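So the structure is just underneath, and the comments pick up after that.
Read the figures in this text as sums done on the coordinates, not as results from a lab. What you see is a predicted model, and the numbers here were worked out from it, not measured in a lab. Here the Cβ positions follow ideal geometry from the backbone for every residue, glycine too, while neighbour counts run over all protein chains shown.
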Amino acid sequence: MPKLKTFHLFFLFFFTVIYQVYSQDQGINFYQNILNEITAQKGTLTGKIYRDVNGNGTEDVGEPGIENVSVIFVDSNGNGQTVQSDANGNWTEEVIAGNTLILIDNTSLPSGALLTEGTEPSTINVISGGIVNAEKLGYAFVGDISGHVYYDVNGNGIQNGLEADMANVEIIIEDDYGNSQSIFTDANGDWSIQ
């Protein structure tokens, strides 16, 4: 461990000398930004993104995490970084202490995602050397489904001219998680549900 500390001190000293030479001669603050990043106090942010199966805005037992969601951070120095949620929907990232903006890349969410728990985007104060838990983000998924019901007299799977529409037929839709909704067909045999 002492060798590693010596290396860090040497690197910091060397970097400071290089910075002073370049900044005096060329007015460049690029090296100052790098030096600030290296010497900055950092903290750890953690969070979770989950599928709110029943849409109640609370993570219930058995509701799965959402994998591969891109979480974007903009730290107190204005620098950005991105991390992906893991198979359980969890993410962890080390950032510079201070206020950090947290955003979700909505294009990385499955289609039909609707935020039910948490705030997005949000800002959180990261404590140097600490672990800060960001609020959970829950998403329910919505979509449209529709259909048409008719008497298929000849059994060919196509509605022919004389085959009548079926009005007032109950349609029950069940998702992968056992949630169900029902709707009745209209006078033309059509139905649509979200």
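What does the net charge come to around G47 if you take all other residues with beta carbon closer than 13 Å to its beta carbon, with K and R at +1 and D and E at -1?
Result for the local shell: -4.
If we count other beta carbons within 10 Å of each Cβ, what is the order of V69, V153, V126, V74, fewest first?
Taking fewest neighbouring Cβ atoms as first place, the list is V153, V74, V69, V126.
Give me, ordered by chain and number, the residues 5 or more places off T116 or on other chains with an amide H under 5 Å from its own placed amide H.
Those lying under 5 Å, H to H, from T116 are G138, Y139, A140.
Plugging the Kirkwood radius over Cα pairs into Stokes-Einstein for region 93-134, at a temperature of 10 °C and a viscosity of 1.306 mPa s, what D comes out in µm²/s?
132 µm²/s
Roughly how big is region 84-181's charge dipole about its Cα centre, with Cβ charges of +1 (Lys, Arg) and -1 (Asp, Glu), in debye to the nearest 20?
300 debye
Based on other C-beta atoms within 10 Å, arrange L137, L45, L115, L162 from fewest to most.
Exposure proxy ranking, most exposed first: L162, L115, L45, L137.
Just rank L103, L109, fewest to most, by other beta-carbon atoms within 10 angstrom.
The order, fewest Cβ neighbours first, is L103, L109.
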